[in-house]
Each structure stands twice: as structure tokens, then as C-alpha cells.
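The values are calculated or read from the model by the stated rules, or taken from the named source; none is laboratory data. For clarity, every value in this text was computed on a predicted model and none was experimentally measured. Here Cβ is always computed from backbone atoms with ideal geometry, including for glycine, and neighbour counts include all displayed protein chains. We work out accessible area using only protein heavy atoms, side chains counted, and drop any ligands, DNA or RNA first. Shrake-Rupley method; radii C 1.70, N 1.55, O 1.52, S 1.80 Å.
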Amino acid sequence: MLTSIRGLSAATLSAGMLISAAPAFASEISEAPVADEEISAELVAASAALDITPADPTKVVLSTSTARAAETVEVDQTSSIGGETGFSFSANVALTSEYRFRGVDLSGGEIAIQGGFDLSHSSGFYAGTWASSLDEDTVGYGSTELDLYAGWSGDLSDAISADVGVIAYTYPDAVAGDFDYYEFYGSLGFSLGPVSATTGVAYAPDQDSLGSTDNLYIYTDLGIGISGTPLTLNGHVGYTDGFLTFTNDSKAFDWSISADVALGGNFSANIAYVGAEGDIAPGSYDFVDDAVVATISASF
């Protein structure tokens with residue numbers, strides 16, 4: 001229903017392999033003293049046949065051994081091309097008092113369990129999956145949301161970064177009907193000391209699951225780290241124009257003010273005040289009422 005690319009602060013586990021070989025036998029041969037009397041008669045005969053008359057036959061043996069060692073090193077270096085794979089894997093898990101997406105309650109005011117996995121490459125390309133429990137009775141999309149996404153992110157300069165990709169929102173145990181949909185997204189991030197800002201857009205084209213209409217979402221996030229503390233303060237405002245709203249004119253703002261606290265290790269906590277615009281009929285479940293949401297998460 002209402003979801004977007006998941007912001008993950010997972011610690012990265014690098015996976016790489018470097019293969020190398022050292023032809024020890026070459027150095028052993030080249031360092032071993034060779035006496036003139038140990039040179040075989042066959043080698044001398046072969047030299048004579050080729051009209052080679054070395055002043056010191058010992059040097060012929062040393063030269064031959066050195067050439068073979070050099071050839072072996074060259075072959076081994078070619079076989080080890082690749083080094084680090086450039087791939088990294090991360091995972092995250094969270095327990096939240098309420099699943100809110102773009103200000104909308106998707107867990108019926110109940111606790112939600114969430115988590116995901118990401119595979120990224122040093123080139124900036126990534127792919128991942130994220131899931132959350134839902135409330136079947138109020139949302140009506142089954143008990144699980146499963147998101148699949150892929151894209152590219154990277155730095156454009158020391159202070160500017162970019163992120164573009166596509167995400168599919170799926171509801172594997174929903175009742176019969178069209179619920180799954182996909183969305184394209186892009187954002188720019190800016191940083192200046194402890195202050196960071198992100199502005200982005202997400203667009204879902206016409207799809208049956210969106211009532212044969214589209215949906216546009218734009219947003220801005222601000223964050224500031226408090227020097228000398230594990231605390232980061234955040235602000236968010238978003239605007240939806242399209243199918244994924246609870247307003248009569250299909251246009252709605254959502255907002256949140258939150259604080260992140262690093263708890264040490266891989267753990268962090270967040271407390272947020274969240275809300276969104278909506279025209280909810282009296283007696284109906286209010287998906288967009290203001291709420292305080294607490295979350296504890298871990299990343300690996």
C-alpha cells in the first residue's frame with residue numbers, strides 16, 4: 001500500500017578473497033650454489049650444438065632457472081586478478097510500537113516487527129529486501145508487506161550524494177485482488193558538518209492496484225547531530241498527490257519530528273511524533289491521526 005525505499009543504517013560486512021602464489025622453488029634454485037662439476041654433459045653438448053660457448057657454464061644454469069621463475073610469477077599474477085570482490089552484505093531488524101509509512105498507520109496501532117537484507121557493491125549498485133508485519137483487519141492487505149528494491153547510490157561530491165532506483169511493494173498473503181505495485185525513486189543528500197538534508201521524489205505509474213491512476217510523492221528530511229552526544233534530531237515533511245492518500249482530493253501532507261539515539265554496538269532507538277492529513281469518515285478507523293512512535297533497531 002503505502003511504502004518507500006527503506007533507509008538502512010546497517011553495519012557492513014565485507015566479503016572478499018585475494019589469491020596469490022609465490023614460486024618458492026625459484027628462489028631456492030637461484031640461491032643454491034652450483035659447482036662447475038655438477039653441470040651435466042648433456043647441457044654442455046646442447047650448448048655446443050647451438051654454438052653457445054659461455055665463459056662460465058654455471059651462469060647458463062642460473063639464467064635458465066631465473067627465466068622459469070619469472071614466467072611462473074607472471075602466470076600466478078594473472079590467475080589472482082580480482083582481489084576483493086567489492087560486495088558487502090548488511091542486515092537490519094526492528095521492533096516498533098506502530099508501523100507508520102508517510103504518516104499512515106499500517107499496523108492498526110499495534111506493534112510491528114520489521115527487518116531486511118541488503119547486498120551492495122563498491123560501484124554503488126545495490127539490491128535488497130525489507131518486510132514488516134501488518135494489521136490484517138484494518139489495512140486489509142494481509143499480515144505481511146514485503147518490499148524488493150534495487151538501485152544505485154554514491155557521492156557526487158564531498159557534500160552531495162545521490163540515490164536512484166525502483167522498488168516493488170508486495171503483499172504475499174493478501175486476499176484475492178490487485179495490491180502489489182512498483183515505484184521509481186530518486187533523492188539528493190546534502191551534508192555540512194553535523195547537519196544533513198535529503199530531498200527526494202517517488203513516482204508510481206498507472207497500475208491496476210492503484211485504481212488505474214498514478215501517485216507522486218515528494219519529501220524533504222533534515223537532521224542534525226548533537227555534538228558530544230549520541231543524539232540526532234530529525235524533521236520530515238512529505239506531500240502526496242495521487243491514489244495513496246486518505247483525503248477527498250487525493251492530496252495530502254505528512255510530517256514527523258524525531259530523535260535517534262545510538263545505544264552502542266549495533267543498536268539504536270528512535271522516538272517520533274508522526275501525522276498526516278486525511279478525511280476520515282466518522283466511526284471509521286483513523287489511519288492518519290497523530291501518534292508517538294517508538295522504535296528499537298539493530299543492524300549487522
Residue check, Phe190 open to solvent by 60 Å² or more (accessible area, probe 1.4 Å), more than 25 Å from Tyr273 (Cα to Cα) and in a strand (DSSP E or B): no
Pairs where the first residue, in the range 135-155, is modelled with pLDDT of 95 or more and basic (Lys, Arg) and the second is exposed (fewer than 15 other Cβ atoms within 10 Å of the Cβ) and part of a strand (DSSP E or B), C-beta under 6 Å, 6+ apart: none
In the range 193-215, the residues that are open to solvent by 70 Å² or more (accessible area, probe 1.4 Å), closer than 25 Å to Ala168 by Cβ and in contact (Cβ under 8 Å) with a residue 24 or more places away in the chain: Asp208
So Ser143, is it of a type in the set (S, T, N, Q) and over 20 Å from Ser107 (Cβ atoms): no
Residues within the range 94-120 that are over 20 Å from Ala168 (Cα atoms), in a strand (DSSP E or B) and either touching a His at 6+ places or on another chain (Cβ under 7 Å) or open to solvent by 60 Å² or more (accessible area, probe 1.4 Å) (or both), tallied: 1
Cβ pairs under 6 Å, 6+ apart, first in the range 233-247 and in contact (Cβ under 8 Å) with a residue 24 or more places away in the chain, second of a type in the set (Gly, Ala, Ser) and part of a strand (DSSP E or B): Leu233/Ala259; Asn234/Gly223; Asn234/Ser258; Thr240/Ala252; Thr245/Ala252
